[in-house]
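Scroll down for the structure; my scribbles are underneath it.
The values are calculated or read from the model by the stated rules, or taken from the named source; none is laboratory data. Predicted model, so just to flag it, every value in this text is computed and none were measured. Cβ atoms come from the backbone with ideal geometry, glycine included; neighbour counts cover every protein chain shown. What goes into the accessible areas is simple: the full protein's heavy atoms, side chains included, and nothing from ligands, DNA or RNA. Shrake-Rupley method; radii C 1.70, N 1.55, O 1.52, S 1.80 Å.
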Amino acid sequence: MQRVGLIGDPVAHSRSPEMQNAAFEELGIDARYELWPTPADGLPARIALLRSPDVLGANVTIPHKLTVMSLLDEIAPSAETVGAVNTIVKRAGRLIGHNTDADGLAAALREIGWDAPEQAMVLGAGGAARAALVALHQLGTRAIRVLARDSASAERLAAAMSRHMTGVSLLWGDLYTEDLTLWQRMLARTEIVINATPLGMAPDDPLPLSDAALDRIPAGTLVMDLVTHDTPLLAAARARQLPALNGLPMLLHQGAL
């Protein structure tokens, strides 16, 4: 039997084995999808194990989507554009990094009819945020504001992604600013807010947005959390009568790819 696994830290929460093993069974593929919890210092050894004859490849999740790139033999255009890898395929002994997150997110938003937001806000500055920016670009979004706990990280991300996103206005800022007038201005015409931070994975995580900021999200704005279960952020959005979506549809579409 061949093996495929999910590399990350943590991974116990993942729905990927349930989904992918059902697909293997349906298609008659003699393979098994496993969870491979991997701390940062164990990543090189884990990637080396992918070269074993019984391993087909792997998925990669936080916090390794960026750091794994230097350990691979080749980076496919999809991962080059996003600047992060979530899928590793072995071809003729070579490990090739791909990214299906951006296309999966774009497909999930098209599926619910949210396919052309003019303005958006992305929370976070890691691999998931990069994928969210590319997905929004695919959907034709014209202006995106990136907010992170460290505004310098948000600025670096916006600068790095601007070369791949011609025609998009990329702004950045501090996720934890207490300037309510600034929040009012930033959110005034925002049509979708995407949480691409890990906040929400654990039930006791703080909200990625303050209550004061949430109160300034315009009516009708979609609040999406890339975490695959309902989170305190989504509960707070629904309490304000805002449409809310978790990351499970994105997981489905990126997993199919």
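Could you estimate the translational diffusion coefficient of the range 173-257 from the Stokes-Einstein equation, with Rh from the Kirkwood formula over C-alpha pairs, at 10 °C and 1.306 mPa s, in whole µm²/s? Intermediate results must be reported in sequence, preceding the final value.
Numbers: Rh = 13.3 Å.
Value of D from the Cα-based Kirkwood radius: 119 µm²/s.
Quick one: divide the alpha-carbon radius of gyration of the range 151-218 by 2.2 N^0.38 Å and tell me what you get.
Numbers: Rg = 13.4 Å, N = 68, 2.2 N^0.38 = 10.9 Å.
Computed over Cα atoms of the range 151-218, the ratio equals 1.23.
Go ahead and set up a Gaussian network model of the chain, Cα springs under 10 Å, then flag whichever of E18, E80, E34 fluctuates most.
E18
If you place +1 on the Cβ of every Lys and Arg, -1 on the Cβ of every Asp and Glu, and leave all else neutral, what size is the dipole of the range 98-174 about its Cα centre, to the nearest 20 Debye?
Charge dipole, the range 98-174, about its Cα centre: 180 debye, nearest 20.
Against the longest principal axis of the chain, how steep is helix 101-111, in degrees 0 to 90 to the nearest 10, with axes from Cα atoms?
Rounded to the nearest ten degrees, it is 60.
Once Lys and Arg get +1 and Asp and Glu get -1 on their Cβ, which of M161, I192, L109 lies farthest toward the positive end of the dipole of the chain?
Positive-end residue among those listed: M161.
Cα axis of helix 151-162 to longest principal axis of the chain: angle in degrees, 0 to 90, nearest 10?
It works out to around 70 degrees.
What do you get when you divide the Cα radius of gyration of the chain by 2.2 N^0.38 Å, with N the number of residues?
On the way: Rg = 18.3 Å, N = 257, 2.2 N^0.38 = 18.1 Å.
Scaled against compact globular proteins, the figure is 1.01.
Can you find, among M201, L139, S151, the residue sitting farthest towards the positive end of the charge dipole of the range 117-255, where Lys and Arg contribute +1 and Asp and Glu -1 at Cβ?
Of M201, L139, S151, it is L139.
Please work out whether the range 95-224 counts as rounded, prolate or oblate from its C-alpha gyration tensor, where a ≥ b ≥ c are the square roots of the eigenvalues and a/c under 1.5 means rounded, while otherwise a/b larger than b/c means prolate and anything else oblate?
Values: a/c = 1.36, a/b = 1.28, b/c = 1.06.
Because its axes are fairly even, with a/c under 1.5, the range 95-224 counts as rounded.
Using only the alpha carbons of the range 1-143, what is the convex hull's orientation-averaged projected area in square nanometres? Mind dumping the intermediate values first?
Values: hull surface 36.9 nm².
Projected over every direction and averaged, the Cα hull of the range 1-143 covers 9.2 nm².
In square angstrom, what is the accessible area per residue of the range 1-41 with a 1.4 angstrom probe? Intermediate values should be presented prior to the final figure.
Values: 2440 Å² over 41 residues.
Per residue, the range 1-41 has 59 Å² of solvent-accessible surface.
If you place +1 on the Cβ of every Lys and Arg, -1 on the Cβ of every Asp and Glu, and leave all else neutral, what size is the dipole of the chain about its Cα centre, to the nearest 20 Debye?
Numbers: 21 positive and 28 negative charges, 107 e Å.
It comes to approximately 520 debye.
I'd like to check one number: the per residue accessible area of the range 116-252, probe 1.4 Å, reported in Å² as a whole number. Walk me through the intermediate numbers first.
Details: 5770 Å² over 137 residues.
Computed with neighbouring chains in place, this is 42 Å² per residue.
Can you give me the relative contact order of the chain as a percent, contacts being Cα pairs under 8 Å and 6 or more apart? Don't jump to the answer; show the numbers that get you there.
Numbers: 517 pairs, mean separation 37.7, N = 257.
Computed value for the chain: 15 percent relative contact order.
Find the centroid of the Cα atoms in the range 179-243 and in the range 46-123, then give the distance between the two in whole Å.
With the range 179-243 and the range 46-123 each reduced to a Cα centre, they are spaced 25 Å.
So for I112, I144, what's the accessible-area order with a 1.4 Å probe, most first? Show your work: numbers first, answer last.
Numbers: I112 80, I144 5 Å².
In descending accessible area the options line up as I112, I144.
How large is the charge dipole for the range 1-133, taken about the Cα centre, if only the Cβ atoms of Lys, Arg (+1) and Asp, Glu (-1) carry charge, to the nearest 20 debye?
Details: 11 positive and 16 negative charges, 76 e Å.
Value, rounded to 20: 360 debye.
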